[in-house]
1. If you average the C-alpha positions of segment 206-242 and of segment 271-293 separately, how far apart do those two centres end up, in angstrom?
2. Relative contact order, percent, of segment 46-282 when contacts are C-alpha pairs under 8 Å separated by at least 6 residues?
3. For segment 46-282, what is the percent of antiparallel DSSP beta bridges, rounded to the nearest 5?
4. Any idea what the relative contact order of the chain is, in percent, if you count C-alpha pairs under 8 Å spaced at least 6 apart?
5. Name the residue, out of VAL339, VAL139, VAL177, whose mean-square fluctuation peaks in a Gaussian network model built on the chain with Cα pairs under 10 Å.
6. For segment 17-103, which trypsin sites (Lys or Arg not before Pro) are both in a DSSP coil and crowded by at most 10 other Cβ atoms within 10 Å?
7. Take the cross-link list LYS81/LYS156; LYS26/LYS236; LYS131/LYS225; LYS23/LYS49; LYS28/LYS49 and give me the ones stretching past 29 Å between alpha-carbons.
8. On alpha carbon coordinates alone, what is the Rg over Rh value for the chain, Rh being the Kirkwood radius?
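Just so it is clear, none of the values below were taken in a lab; they were calculated from the coordinates. From a predicted model like this one, the values you see are computed outputs, not experimental measurements. Cβ coordinates were reconstructed from backbone atoms using ideal geometry, including for glycine residues, and neighbour counts include every protein chain displayed.
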Amino acid sequence: MEIARRAAGISPSPTLAIDAQAKAMKAKGIQVINFSAGEPDFDTPEHIKEAAVAALKAGFTRYTPVAGIPELRQAVCDCLKARGLSYEPADIVVSCGAKHSLYNAMQVLLNEGDEVILCAPYWVSYYEQVKLAGGVPVVVNTDAATDFKLTPDALKAALTPRTKLLILNSPCNPTGVVYSRSELEALAEVILAHDLMVISDEIYAALLYDGLNHTSIASLGPEIKERTIVIDGVSKTYAMTGWRIGYAAAPRAIATAMTDLQSHSTSNPTSIAQKAALAALTGSQEPVAAMRNEFARRRDRILTGLRELPGVECNQPGGAFYVFPFIGKLLGRRFRDRVLNNSTDVAAVLLQEYQVAVVPGVAFGTDPYLRLSYATSMEQIEAGLERLAAFVRELQ
Ligand SMILES: *Cc1c(COP(=O)(O)O)cnc(C)c1O
């Protein structure tokens with residue numbers, strides 16, 4: 001039996017793999033500190049759960065319109081309005097998580113051989129989804145020195161006649177980097193001049209710190225809006241990763257194509273999860289503020305702790321819930337009888353010897369870095385920092 005080329009070429013998600021390993025160790029009774037999870041540790045707020053229960057009790061258990069119930073699509077429009085974006089419900093496609101929205105978008109945008117510019121470090125699924133759609137990922141590297149930001153010059157240098165699409169992610173997973181309005185304006189100029197499309201993954205738009213404001217590139221003018229697909233969802237903002245509700249806001253023809261595609265794959269996302277998402281978007285936003293404040297406190301703690309480790313450097317993330325420290329100065333050194341040659345070696349030693357789960361930067365296309373998620377309790381962060389300090393002390 002042979003697996004089709006399309007599927008055989010997929011690399012499994014390295015972040016999910018490490019998270020699974022950490023959870024398996026935990027299940028065996030090992031005290032793992034898990035910094036690898038890409039999801040909030042909070043429970044879904046109560047009023048959202050109640051909306052799902054009410055929908056279930058009311059028998060809201062049948063197929064809905066493929067692109068989502070009209071009131072949810074209207075609620076998405078109202079939310080985007082606050083971002084300076086004017087859409088109508090017919091421009092909104094609700095899918096089974098933002099990951100699914102991204103997948104649909106790439107499937108309807110890309111032809112065989114179309115080049116897609118990704119800025120490394122990038123979220124792991126972009127790369128695979130581009131390939132699954134027949135596209136060719138073109139990676140532009142960034143590093144801590146330029147705060148991991150794609151510059152207009154770097155974008156121009158990566159363009160070829162085959163370039164079709166740019167994927168932007170602000171606030172960024174894994175770096176937490178937030179693009180300013182003027183930085184996005186400069187990128188938009190290049191995008192318009194070269195007739196590119198943009199996928200703007202804004203899943204962390206509500207998780208910003210230090211008084212930063214989110215800017216959507218689509219809000220910069222009607223021309224760029226016509227070339228942008230905005231992606232967001234409820235997973236990260238409302239601690240709803242398991243509910244699988246994400247959405248795209250797109251130019252009408254693209255939204256229609258995405259809906260048609262979805263009509264032959266998943267059909268509508270789960271009916272009661274849509275009602276829960278509606279409650280999330282239209283209900284009290286106080287739980288979001290509370291979670292954001294707690295994330296901000298943890299970010300400060302983990303940043304201070306990491307910067308105290310000799311040989312570790314870390315930029316200050318402006319959003320999301322990750323830190324992405326540089327560990328180049330730890331490489332080439334010895335841990336007991338083995339030399340640490342790359343971030344995978346470091347992550348392996350941390351997990352095996354200190355029971356600390358982190359994701360190596362190479363998983364996001366950029367080394368030598370580590371990604372740590374601070375979507376875990378302050379106690380776990382304190383304990384994890386102690387173990388990291390012990391690890392660094394043991395290096396020779
Ligand atoms: C978590 C995440 C997503 C996907 O979220 P869903 O759970 O599928 O809604 C998309 N993009 C980035 C950058 C993420 O971190």
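1. 16
2. That works out to 30 percent.
3. Working: 8 of 26 bridges.
For segment 46-282, the DSSP antiparallel bridge percentage is about 30.
4. Numbers: 752 pairs, mean separation 92.1, N = 396.
That works out to 23 percent.
5. Judging by the Gaussian network model, the answer is VAL339.
6. Filter output for segment 17-103: LYS28, ARG62.
7. Check vs 29 Å cut-off fails for LYS81/LYS156; LYS28/LYS49.
8. Rg/Rh: 0.96.
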